[in-house]
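To start, the structure under review is shown below, and the notes come after it.
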Amino acid sequence: MIALITGATGDIGEEFVKGVIGEVDKIWAVGRSEEKLESLKNKFGDKIVPVRTDLSDREDILRLCSRIEEEKPQIRYLINNAGTGKMAPVSEFSYSEIEGLLEINMTAATLLCREAIPYMEKGGYILNICSASAFQPNPYIALYSASKSYLMSFTRSLNVENSDINCIAVCPGWVDTKMLSKMHDGKKVEYPGIVTAKKVVDDAIRDVKKGKDVSVCSPYYRFMRFYSKVMPHSIVMKQWLKGIRDYI
Ligand SMILES: NC(=O)c1ccc[n+]([C@@H]2O[C@H](COP(=O)([O-])OP(=O)(O)OC[C@H]3O[C@@H](n4cnc5c(N)ncnc54)[C@H](OP(=O)(O)O)[C@@H]3O)[C@@H](O)[C@H]2O)c1
């Protein structure tokens, strides 16, 4: 029985490794860097199977899908955690940056779900790591936010289509990981409602086991989800812009 975790070398990814390692025989740890994967193996032992894959590269994604088909592992957890984004207007992204972002945040997660479902045990779990930015359009992280909205919507539908599997969209707000820039022009960047990676993961595992299809790990972002449902998005976007004006 295995867990397949993408972005296992990142901060939230490593917490997921810790969170599920006791429930499985092996963890297929997916990441780009051989060095980081090896150090994950040194830290967690022989249960870690390093799977070097660049999820911005379609051939690499398909190679991983073929490996699942060939080895036919019994999958208890699929955790699509790898993700990428940057704060900039869309006009400043190169075509290849746009393709790479959409490939990692949407296509890789989608193809891995499609590939893994036939090999998942009854009662298995799919956790797709989305973001609170999925709740509304967010100018200056437009691609990131739109890709996470896609993943959230996809995951909730998948959960209904597959009654034997529990699928959850994990939607944290700011999480204290190396993905966030800590300083801007010599000033500390403020992240409202920021939480630890451990809190995100503990809540996500608890929520998927309860049968929820969305996990939002702090009261602040649970309120923001409600707020962005009831308020016109033109207003919500203005407030977002006010919050980030010092950083763009
Ligand atoms: N931090 C936040 O505030 C926050 C908030 C909401 C949602 N999230 C989501 O949480 C997830 C994990 O992020 P994190 O904060 O833990 O960031 P992180 O520490 O930077 O981890 C990102 C992980 O994704 C992997 N990754 C990036 N590009 C990849 C590629 N092309 N192919 C394969 N793997 C790739 C990274 O591998 P390398 O080590 O090789 O780069 C790393 O393992 C992401 O989906 C992110 O969108 C984060």
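Each value in this text was obtained by applying a stated rule to the coordinates, not by laboratory testing. In this text, all values refer to a predicted model and were calculated from it rather than measured experimentally. Using ideal geometry, Cβ is built from the backbone for each residue, glycine included, and neighbour counts are taken over all protein chains shown.
Sort the stretch 2-247 into rounded, prolate or oblate with this rule: let a ≥ b ≥ c be the square roots of the eigenvalues of the Cα gyration tensor; rounded if a/c is under 1.5, and if a/c is not under 1.5, prolate when a/b is larger than b/c, oblate otherwise. In terms of gyration-tensor shape, prolate. Here's how it looks for H184: its modeled amide H is under 5 Å from those of V189, which are all 5 or more places away or on a different chain.
For the stretch 204-248, the mean projected area of the C-alpha convex hull, equal to one quarter of the hull surface, is 4.3 nm². For the chain, a Gaussian network of Cα nodes joined below 10 Å ranks Y95, Y191, Y144 by mean-square fluctuation, and the top entry is Y95.
Ranked from largest, the principal axis spans of the Cα set of the stretch 79-220 equal 51, 35, 23 Å.
Based on alpha-carbon centroids, what's the gap between the stretch 113-149 and the stretch 1-79 in Å, whole number please? What the calculation gives is 17 Å, centre to centre. Given springs between every Cα pair under 10 Å in a Gaussian network model of the chain, which of K188, K26, K199 has the largest fluctuation? Between K188, K26, K199, it is K188 that shows the largest mean-square fluctuation. Distant-in-sequence amide contacts of I75, defined by a placed amide H-H separation under 5 Å and a gap of 5 or more residues or a different chain, comprise I2, M120, E121.
Sequentially through the stretch 233-248, phi angles give Karplus couplings (6.51, -1.76, 1.60; θ = phi - 60°) of 5, 4, 6, 4, 5, 4, 5, 4, 4, 4, x, 9, 4, 6, 10, 10 Hz, Gly and Pro residues having no value and appearing as x.
Rounded to the nearest 20, the size of the Cβ-charge dipole of the stretch 146-210 about its Cα centre is 220 debye, with Lys and Arg at +1 and Asp and Glu at -1. For the stretch 1-132, taking Cα atoms only, Rg and Dmax work out to 14.6, 46 Å respectively.
Of all DSSP beta bridges confined to the chain, the antiparallel ones make up roughly 5%.
Each Lys and Arg contributes +1 and each Asp and Glu -1, all at the Cβ; summed about the Cα centre of the stretch 2-247, the dipole is approximately 960 debye. When the Gaussian network model of the chain links Cα atoms closer than 10 Å, the mean-square fluctuations of M106, M120, M87 top out at M87.
Three principal axis extents of the stretch 7-85 based on alpha-carbon atoms, in descending order, are 30, 30, 20 Å.
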